[in-house]
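Chemist: To start, I am sharing the structure in question, which I have written as structure tokens.
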Amino acid sequence: MKIAVSTHFFPNDPIELAIEKLAGTGTEYVEIIWDLPHFSPVEQKKYNLKKLRSAIDTYRLGVTVHAPFFDLNLGSIYPEIRKFSIGRFKKCIEFCFHIGSDLMVIHPGHSPLLKFQDLYLRAKDGFIEGLREIVDYATSKGIVISLENISSPYFFAYDSVDLSSLAKKIKNLGITLDIGHAFIMKLEKKRPLPEEEIANEIRGILRPFLKHVHIHDNEGRSDEHLGLGKGKINFIPIFQALKDIDFSGRVVLESWEPDQSLNLAEEQLKIVKELLKY
């Protein structure tokens, strides 16, 4: 497996400087978030993609991209919102193509209409149709779309069963397993051994489709994006499961402490290297 660091670590720097700082940590792989704070949704034309690609190439970094998520929803009951969201995701696929990324992480659509089954199922069908269109477009560009689980039942990919089911329905769709989100979901369902269950799902239903992993810690109540070791997650069985399946994708550090960015990134890379020894 390959260890990557997200631009999430350096939110207060211009994207090229964030790339330079990430390279300085010793990482060989980065994940760029094509959204705030580095990329304004209303000013994206101002960014110099050649300059960004040059920075990536200069430091010989492998790169993946996290698609935008603010105000976008492939699961909206309104077709106009779904159409707009599809358009933004296609623009992000083009961004991936220009900077040399072979994978784009995407959040699932969502709907709060759980008590209104007809509308909820219509929203879910719209989400699946839109996601299939995005995957087909990305495939034509040589880019993998990897769907991430989100720790809220309003999202259409809330747990590993949802992820696996969607990957079976949509050809070429990959899975991004977010460990922090999965841990919260397991505790919400009052599962006694959350990390062991996540590990078993990696070895089981997720294995055929798993392309990407996000890691960060939390206390099990909210999506805090803490550094590894600063919350309650035991990562040892999870990394063991990834090694058991010979996972060859990227494991992306996604912690969030803007005032401690450089020290945190270096610290987290050391922790992951220790975890790989188990």
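Chemist: Keeping to region 54-70, report how many residues are at negative phi, over 21 Å from the mean Cα position of the chain (by Cα) and not acidic (Asp, Glu).
Modeler: Adding up the residues that qualify gives 4.
Chemist: From (1) under 25 Å from residue 65 (Cβ atoms); (2) surrounded by 15 or more Cβ atoms within 10 Å (Cβ to Cβ), pick out the condition that doesn't hold for residue 230.
Modeler: Result: residue 230 passes all but (1).
Chemist: To continue, here is another question. Select from region 64-92 the residues that are in contact with a strand residue (DSSP E or B) (Cβ under 9 Å, 6 or more places away or on another chain) and either of a type in the set (S, T, N, Q) or surrounded by 22 or more Cβ atoms within 10 Å (Cβ to Cβ) (or both) and list them in ascending order.
Modeler: Restricting attention to region 64-92, the residues satisfying the condition of being in contact with a strand residue (DSSP E or B) (Cβ under 9 Å, 6 or more places away or on another chain) are 64-69, 73-76, 89, 92.
64, 65, 66, 67, 68, 73, 74, 75, 76, 89, 92, listed by residue number.
Chemist: Which of the numbered conditions does residue 60 fail, given that it passes all the others? Conditions: (1) over 19 Å from residue 216 (Cβ atoms); (2) crowded, with 16+ Cβ neighbours inside 10 Å.
Modeler: Exception for residue 60: condition (2).
Chemist: Do the conditions hold for residue 217, that is, is it surrounded by fewer than 19 Cβ atoms within 10 Å (Cβ to Cβ), charged (D, E, K, R) and in contact (Cβ under 8 Å) with a residue 24 or more places away in the chain?
Modeler: Criteria not met by residue 217.
Chemist: Would you call residue 131 touching a Leu at 6+ places or on another chain (Cβ under 9 Å) and modelled with pLDDT of 95 or more? Talk me through it step by step, then tell me what you get.
Modeler: On the way: touching a Leu at 6+ places or on another chain (Cβ under 9 Å): yes; modelled with pLDDT of 95 or more: yes.
Yes: the conditions hold for residue 131.
Chemist: Sticking with this structure for a sec: When you check residue 89 against the structure, is it among the aromatic types (Phe, Trp, Tyr), in contact with a helix residue (DSSP H, G or I) (Cβ under 7 Å, 6 or more places away or on another chain), outside any strand (DSSP E or B) and modelled with pLDDT of 95 or more, yes or no?
Modeler: yes
Yes or no, residue by residue, for (1) more than 24 Å from residue 33 (Cβ to Cβ); (2) among the small types (Gly, Ala, Ser); (3) surrounded by 20 or more Cβ atoms within 10 Å (Cβ to Cβ); (4) in contact (Cβ under 8 Å) with a residue 40 or more places away in the chain:
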{"residue": "177", "(1), (2), (3), (4)": "no, no, yes, no"}
{"residue": "196", "(1), (2), (3), (4)": "yes, no, no, yes"}
{"residue": "210", "(1), (2), (3), (4)": "no, no, yes, no"}
{"residue": "223", "(1), (2), (3), (4)": "no, no, no, yes"}
{"residue": "243", "(1), (2), (3), (4)": "yes, no, no, yes"}
{"residue": "267", "(1), (2), (3), (4)": "no, no, no, yes"}
{"residue": "277", "(1), (2), (3), (4)": "yes, no, no, no"}
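Chemist: Sort out which residues of region 148-181 are of a type outside the set (Asp, Glu), out of contact with any Leu (no Cβ under 9 Å at 6 or more places or on another chain) and not in a helix (DSSP H, G or I), and write them in order of number.
Modeler: Within region 148-181, 150, 151, 152, 155, 158, 171, 172 meet the criteria.
Chemist: Further, regarding this structure: Could you please find all residues in region 46-57 being assigned to a helix (DSSP H, G or I), surrounded by 15 or more Cβ atoms within 10 Å (Cβ to Cβ) and out of contact with any strand residue (DSSP E or B) (no Cβ under 9 Å at 6 or more places or on another chain)?
Modeler: Listed by number, the list holds a single entry, 55.
Chemist: Closer than 19 Å to residue 127 by Cβ and hydroxyl-bearing (Ser, Thr, Tyr), is that true of residue 78?
Modeler: Here the answer is yes, as residue 78 does meet what is asked.
Chemist: Could we say that residue 248 is small (Gly, Ala, Ser) and part of a helix (DSSP H, G or I) here?
Modeler: It is false that residue 248 is small (Gly, Ala, Ser) and part of a helix (DSSP H, G or I).
Chemist: Of 229, 180, which residue is of a type in the set (Gly, Ala, Ser) and farther than 24 Å from residue 146 by Cβ?
Modeler: On inspection, the qualifying residue turns out to be 229.
Chemist: Now a separate question. Examine region 103-120 for a residue that is assigned to a loop (DSSP other than H, G, I, E, B), touching a helix residue (DSSP H, G or I) at 6+ places or on another chain (Cβ under 9 Å) and at positive phi, and state whether such a residue exists.
Modeler: No - not one qualifying residue is present in region 103-120.
The values are calculated or read from the model by the stated rules, or taken from the named source; none is laboratory data. Nothing here was measured: the structure is a model prediction, and the numbers come from that model. Neighbour counts are summed over all protein chains in view; Cβ atoms, including those assigned to glycine, are modelled from backbone coordinates with ideal geometry.
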